[in-house]
Amino acid sequence: MVGRRRVLAAAGATLGGALAGCSTTDETPTPAALRYSVEGFTDGTVPVRNSCDGAGVSPRIEVDAVPPPTESLAVVFTFPDDVGSQVTLWTLWNVPPDTSTISAELPATRRVESLDGARQGRNARGDVGYLPVCPPPGQPYEQWLTLYACRRELDVEAGAERDPLAEALETATLASRRTVATYERRSSTNTTSS
């Protein structure tokens, strides 16, 4: 059941990305009404600072526009490792809709007080908060950071895994937009944090 849900979610995300600029009326919110940028991702690569080869801290996200009637924002950062399967690096939800900046280096806590108690979930290692990008060395790997504009706050407990969040997002998402960036570790890279 979970595997099927992941395949359906991936298909839905792909379709949503394909429709990014489409709108049937001027009043219909579309992903074009959701604009954001991730510090350092503008050249299509994940900065070393956000990886296991650097400080391993969460990235800074600048939110430029959200569609009405957004009531909360959510972030899901994953590393696709197989068809229909993704490694969870970071989940964050119930970010206030008027947030213009999600700061870098968020603490590894279930609730983020600087974001009015927004909630963070468990990453692939089972820890709460951000898991640094750390793909196998030798070739570039895609990393997906998706920002969601939600029609309501999500009733998902802080510290939850990604599946309950994904289920809540299925019915709460007004718009979503994905940033794809790659990261490549060299074979001789020292993986100690700087």
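Brief remarks follow.
- The set of residues in segment 48-75 that are touching a Gly at 6+ places or on another chain (Cβ under 9 Å) and open to solvent by 30 Å² or more (accessible area, probe 1.4 Å) comprises VAL48, ARG49, ARG60.
- One residue from ARG177, ARG119 being part of a strand (DSSP E or B), in contact with a Pro (Cβ under 8 Å, 6 or more places away or on another chain) and closer than 17 Å to ILE61 by Cα: ARG177
- Residue list for segment 122-163, restricted to those being of a type in the set (S, T, N, Q), in contact with a helix residue (DSSP H, G or I) (Cβ under 8 Å, 6 or more places away or on another chain) and open to solvent by 50 Å² or more (accessible area, probe 1.4 Å): none
- Residues in segment 86-108 include none that are more than 24 Å from ARG35 (Cα to Cα), more than 15 Å from the chain's Cα centre (by Cα) and hydroxyl-bearing (Ser, Thr, Tyr).
- The set of residues in segment 105-117 being in contact with a Lys or Arg (Cβ under 7 Å, 6 or more places away or on another chain) and free of Cβ contacts under 8 Å to residues at least 40 places away in the same chain consists of GLY117 alone.
The values are calculated or read from the model by the stated rules, or taken from the named source; none is laboratory data. All figures in this text were calculated on a predicted structure; none of them were measured in a lab. A quick note on method: Cβ atoms are made from the backbone with ideal geometry, for glycine too, and the neighbour counts reach across all protein chains shown. Keep in mind that these areas ignore ligands, DNA and RNA; they rest on the heavy atoms of the full protein, side chains included. Shrake-Rupley method; radii C 1.70, N 1.55, O 1.52, S 1.80 Å.
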